[in-house]
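The values are calculated or read from the model by the stated rules, or taken from the named source; none is laboratory data. Keep in mind the model is a prediction, meaning the values are calculated, not measured. All Cβ positions, glycine included, derive from the backbone under ideal geometry; neighbour counts span all protein chains shown. For the accessible areas, the whole protein counts, side chains as well, though only heavy atoms, and no ligand, DNA or RNA atoms are used. Shrake-Rupley method; radii C 1.70, N 1.55, O 1.52, S 1.80 Å.
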Amino acid sequence: MDSPLISVIVPIYMIDRYIGLCIESIMNQTYRNLEIILVNDGSKDRCPEICDLYKGKDERIKVVHKSNGGLVSARKAGLQQSNGLFITYVDGDDWIGPGFIEGLYTAASTSDADMVCAGFTRDLFTKSAVFHNNLHSGIYEGEKLRDFWKNMISSGSYYRPGISTYVWNKLFKRDILLDTQSVVDNRISIGEDGAVTYPALLKCKKIAVIDNAAYHYRQREDSMLKQNTGYLVEAQKLLYLYEYLMQWAEQTEPELRIKKQIEDYVLSIALMRSGGRLPQDNFSTFDNAYYGKRVVIYSAGTFGQQLVNRFKETKHCNVIAWLDDDYWEYRRCCLDVDPVESVTALTYDYILIATVDGLVAGKVKRKLMDLGVGENEILTITVPEDRVALINRFLDVNILKEVETKRKRGISSHA
């Protein structure tokens, strides 16, 4: 039997430093029957010329030039041009190992799966780390598939996804992807992968989860550094995602707990993007015992960066240090981050662990205690049972606008 055509869609915007390696890695796949669709989403750098150059190098390459519309619209444009029985995505600043697509197809063909979910490798400067899905590798169908659906977005402890949100380490049957990607709200720019991945998984009759981690996700300096534009902008974007997913959830079976899983998912993003703080009423997802105290922040990721930004704005406490196991990578991004071991030389009242993953928080807590930190000096997030009420507070755009207006007035009156 001939190998079926697989379409590889590559959304591209302002990444001319990286796009060459990405395209070469797709061209050099051991699986040869590919249709490579490069979607230039209005790039103002050399990406359009690079795409056209590669089109002349390989007859499997198609190029779509469009005005800038964002990642969702770029993926839709690529999908409209696709002809493959299966579809996969590669982000234009990433790259894939030679056998990645063949591994996905082998899993799909041997199991007759509608969708394949792989792992990935995160490349951060000179350091690489492999990540797998939290739901174990294997074939899911029948009752096993129903259990899969109940845990695919949020599995157990807060917050830990069963299957990673990303579309780029998945292989989709074309008809399933058409039904899900085509209807996503173009305004969604936070969680745009989850808006496709989870509805697509729910349409499948059989799913394969594999440990293939040959997809290389490049974590760039500009993606490590989170803009401090204020939480209002983030809340509006997140509201689009929440409304879209909840509308989808209304059509699902209650016993699959889709709404509850979405609440976990969206609230986790809100906590990370806000630093776990609400400007309108000084709410904090950490015990407020740290107010007015000397604190140390653990984690320089999205959550940690936003938490530090909020503390600079509110002066609720004195941040004396910022720690992370990958401290030197963040230093390269000009963030003042120190190794975790330096905690032994600090004088502080509390250490705040900035992560929404309870298992990760537990590991960090044990590491800190091994370094001599007292258990009562360590604070982790507390998430109430009533997720909906808290989400509504975090996504109340009107209230956030009022707070932002008052804040700007206060700044201008003291200028």
ask   = Among (1) in a helix (DSSP H, G or I); (2) closer than 19 Å to His132 by Cβ, which single condition is Glu234 missing?
value = (2)
query = Looking at the stretch 238-349, what helices (runs of 4 or more DSSP H) fall wholly within it and have at least 2 residues that are open to solvent by 50 Å² or more (accessible area, probe 1.4 Å) and touching a residue at least 60 places away in the same chain (Cβ under 8 Å)?
reply = 258-274
note = Among (1) open to solvent by less than 20 Å² (accessible area, probe 1.4 Å); (2) in contact with a strand residue (DSSP E or B) (Cβ under 6 Å, 6 or more places away or on another chain); (3) polar (S, T, N, Q), Thr197 falls short only on (2)
inquiry  = Looking only at residues that are open to solvent by 10 Å² or more (accessible area, probe 1.4 Å) and touching a residue at least 60 places away in the same chain (Cβ under 8 Å) in the stretch 2-14, which one is nearest to the chain's Cα centre (by Cα)?
reply    = Pro11
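Look through Val64, Val10 and report the one residue that is closer than 14 Å to Val90 by Cα, among the β-branched types (Val, Ile, Thr) and at pLDDT 95 or above.
Numbers: Val64 fails: closer than 14 Å to Val90 by Cα.
From the options Val64, Val10, the qualifying one is Val10.
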ask   = Restricting the stretch 110-151 to residues that are among the hydroxyl-bearing types (Ser, Thr, Tyr) and open to solvent by 60 Å² or more (accessible area, probe 1.4 Å), which is farthest from the chain's Cα centre (by Cα)?
value = Thr110
inquiry  = Going by what's in this entry, would Glu385 be described as part of a helix (DSSP H, G or I) and either closer than 28 Å to Glu234 by Cβ or modelled with pLDDT of 95 or more (or both)?
reply    = no
